[in-house]
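The numbers here are math on the coordinates, done by the rules we state, and not lab data. These numbers come from a predicted model, not from an experiment. Don't worry about glycine lacking a Cβ; one is built from the backbone with ideal geometry, like all the others, and counts go over all protein chains shown.
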């Protein structure tokens with residue numbers, strides 16, 4: 001590729017070479033005519049003698065040998081570890097015995113320096129949906145930090161949010177403990193077919209709490225004509241507890257768990273958690289945790305009854321439960 005400051009284009013180089021080689025012009029005179037040095041004119045003339053017209057184009061500036069370049073075997077190992085384990089340059093360098101800079105250079109040269117480029121473009125995304133409501137329920141727990149009196153850092157900034165939390169924390173250490181400091185645990189149970197969601201805020205994520213939520217959730221779905229048959233969860237402690245197993249057996253549910261480190265399998269409830277945090281938990285300034293919790297039932301109803309869902313063609317979640325009285329209220 002011709003650089004911006006090149007004195008001669010390939011066409012001018014060809015004219016220069018022909019003047020010197022074929023028409024006998026002196027090298028210095030031809031160089032002066034084209035406003036280049038004697039050395040430049042002589043180089044293009046010599047190349048024209050040897051290669052002819054083909055030699056008038058630019059050559060690669062890459063060196064013939066690169067002794068310091070990472071060898072092919074180590075390059076393949078770096079790429080393999082990057083694709084399989086998603087390691088960064090620091091750990092790859094330590095594992096393969098190369099310096100940090102060459103390891104980073106390999107990632108950049110292979111265009112895998114960014115994690116976003118590790119996604120295979122031709123990977124087939126497997127999507128599934130049960131045939132009827134109740135065939136499969138998804139259950140999960142979303143942990144959220146409680147909002148201190150006065151508001152949290154997301155709207156007020158870190159300094160003001162930290163000051164409010166410190167103030168509430170001081171009260172919490174007093175004799176009259178503030179029950180809303182710490183964390184809230186939103187237990188969610190979602191129907192795979194309709195995406196209809198039952199959710200409630202609890203103070204922990206233990207087995208007895210999760211089991212009690214499951215009993216209330218199945219009763220809530222039953223009141224809407226949905227008979228639950230299976231429930232899918234991750235491998236959290238509350239879902240591996242005896243209380244959870246006993247509740248599933250009592251309710252006649254087949255308990256399933258996702259493969260470790262594969263949250264995509266439970267993706268519908270994970271996506272609901274994301275919607276919940278963006279459209280309720282952090283959607284506006286709440287000056288206390290009590291205010292945020294008071295707004296939760298209204299948001300949950302609006303999400304189920306009035307919010308279009310793109311995963312089901314823009315329809316409402318409740319619309320997938322047919323012949324349900326008052327489902328559009």
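A few notes on this one:
- Peptide packing for 136-142, 250-256 was compared via the average number of neighbouring C-beta atoms within 10 Å per residue; ordered from the highest value, the list is 136-142, 250-256.
- From most to least packed by mean Cβ count within 10 Å, the peptides 217-223, 258-264, 192-198 give 192-198, 217-223, 258-264.
- Only beta bridges with both residues in the chain are counted; by DSSP, about 75 percent of them are antiparallel.
- Cα long-axis angle, helix 158-173 against the chain (0 to 90 degrees, to the nearest 10): 30
- Cα centroid of the stretch 9-47 to Cα centroid of the stretch 145-159, whole Å: 74
- Estimated at 0.36 nm per residue, the fully extended path between residue 57 and residue 111 surpasses their Cα-Cα distance by 16.6 nm.
- The stretch 72-117: C-alpha gyration tensor shape, a/c 1.5 cut-off, then a/b vs b/c: rounded
- Angle in degrees between helix 207-222 and the longest Cα principal axis of the chain, rounded to the nearest 10: 80
- For the stretch 231-329, the calculated P(r) over all alpha carbon pairs, in 10 Å bins from 0 to the bin holding the longest distance, is 13, 29, 36, 21, 0 percent.
- The mean sequence separation of alpha-carbon pairs under 8 Å and at least six residues apart, normalised by the residue count of the stretch 10-56, gives a relative contact order of 43 percent.
- Remark: the residue 277-residue 290 segment gains 3.1 nm on full extension, using 0.36 nm per residue and subtracting the alpha carbon distance.
- Under the Debye formula (equal points on every Cα, no solvent term), log10 I(q)/I(0) of the stretch 253-295 at q = 0.22, 0.31 Å⁻¹: -0.76, -1.06
- Taking Cα atoms only, the orientation of helix 72-85 departs from the longest principal axis of the chain by about 20 degrees.
- Mean projection of the Cα convex hull over all viewing directions, computed for the stretch 10-56: 2.6 nm².
- Listed residues 300, 86, 292, most fluctuating in the chain (Gaussian network, C-alpha, under 10 Å): 86
- Rg(Cα)/(2.2 N^0.38 Å) for the stretch 41-151, N = residue count: 2.04
- Debye intensity ratio in log₁₀ form over the Cα atoms of the chain, taken at each q of 0.08, 0.12, 0.16 Å⁻¹: -0.64, -1.00, -1.23
- Candidates 85, 16, 115: whichever shows maximal mean-square fluctuation once the chain is modelled as a Gaussian network with Cα springs under 10 Å: 16
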